[in-house]
Each structure stands twice: as C-alpha cells, then as structure tokens.
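Engineer: A single structure is presented below for examination.
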Amino acid sequence: MIIISDTSPLTNLAAIGQLDLLYQLYEEIIIPKAVYNELVKAKTNKPVPGALEVQSLLWIKTQSINNDFQLIELLSNYNNIHQGEAEAIILALELGANILLMDEKRGRELAVFYNLKVTGLLGILLQAKHQKIIVSVKPVLDELIQKADFRISKILYQALLKEANE
C-alpha cells in the first residue's frame, strides 16, 4: 500500500506523541521533499513536532517528485496551494498512491479533482479505532485540540464522535 502524507497529519500526531498510529495503520509513509523541508527546516524558535521523527524513523521515507513542470503549474494556477500540498498531490499521482493524508481543505479539494483518495486526521482516528489501535477517539481528539491547537467545529466534533459510536 502506498501512503503519501502532507505536513499536518504528521505534526499534529507528533505533537501529542501519537505518530506511531500511522505506522500501525500503514507501516510506511512517504513524504515529498517539500514536506520534509517544512518540518526540518522551519524557521521557528522551537522545533516543529515531527521534525526529529521524519529524520530518524525508518518507516517515514522522503521522496522527490519527478514532474517539476506540474509543480510550477499547480503553484501558478492554484494560489492557495502551498508547495508541500502541491508536492504531496503530485507524488501521490506519480506513485499511484492508495491514500493521500491531508487536512487542508484547498489541498483536499484539488486532490479529489485529480481522483486521489484523501483522508485527514479525523479519518485516521476513525480508522485507528475501527482497527482497535485506539480504544476511543474522544481523548485523542481532545488532546489534539488542547496540545496541538487542532481546530474543529463543534458540529464536526459531534459528528465524528457519533461516527465513532462515542
């Protein structure tokens, strides 16, 4: 199974010490070079959650895209797409990914336009519960909100808990 990830699922799960969920679900994650750079070379005063992990965990692989022209085209035609999102979409297309992990609405919409199967952090949590990797979605989601500043509407929060039978 080929799983490509954008930055946000990695940083959010790393911020709460749950990055291993991705390994338990998928065994291997591939990230484009731009996502690696967003994590490792971020110009912030404090380390970005997930930065050390993408450098050290063997199950997170970094791969460059082949089609630089398509990258320029996406970045030129879609103003709201960041380079990490664009490269994740292109890499998913190039590798025939089974799933693209992405939370940002604009990137997800573009990925769906390209007929990619996309899931975000909430889908990851539901899948982890269905596979009995986590017992409950609610405590993990609450920790994401508190520690990772994960934003979710009250309506979506309630819908997710209902979907998870919680």
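Engineer: Cβ-Cβ under 9 Å, sequence separation 6+ or interchain: first residue in segment 1-25 and on the phi < 0 side of the Ramachandran plot, partner among the basic types (Lys, Arg). Which pairs?
Structural biologist: Partner pairs satisfying both residue conditions: ALA15/LYS147; ILE16/LYS147.
Engineer: Considering (1) among the hydroxyl-bearing types (Ser, Thr, Tyr); (2) modelled with pLDDT under 95; (3) within 19 Å of LYS117 (Cβ to Cβ), say which one TYR78 fails and leave the rest.
Structural biologist: So TYR78 meets the others, but not (3).
Engineer: On the given criteria, is ILE133 out of contact with any helix residue (DSSP H, G or I) (no Cβ under 8 Å at 6 or more places or on another chain), modelled with pLDDT of 95 or more and among the aliphatic types (A, V, I, L, M)?
Structural biologist: Taking the combined requirement at face value, the residue does not satisfy it.
Engineer: Let me ask another. Name, by its number, the condition in (1) in contact (Cβ under 8 Å) with a residue 40 or more places away in the chain; (2) within 14 Å of the chain's Cα centre (by Cα); (3) under 20 Å from GLN18 (Cβ atoms) that does not hold for GLY123.
Structural biologist: Failing condition for GLY123: (1).
The values are calculated or read from the model by the stated rules, or taken from the named source; none is laboratory data. On a predicted model such as this, the values are computed, not experimentally measured, just so you know. No Cβ is skipped: glycine too gets one built from the backbone with ideal geometry, and neighbour counts run over all protein chains shown.
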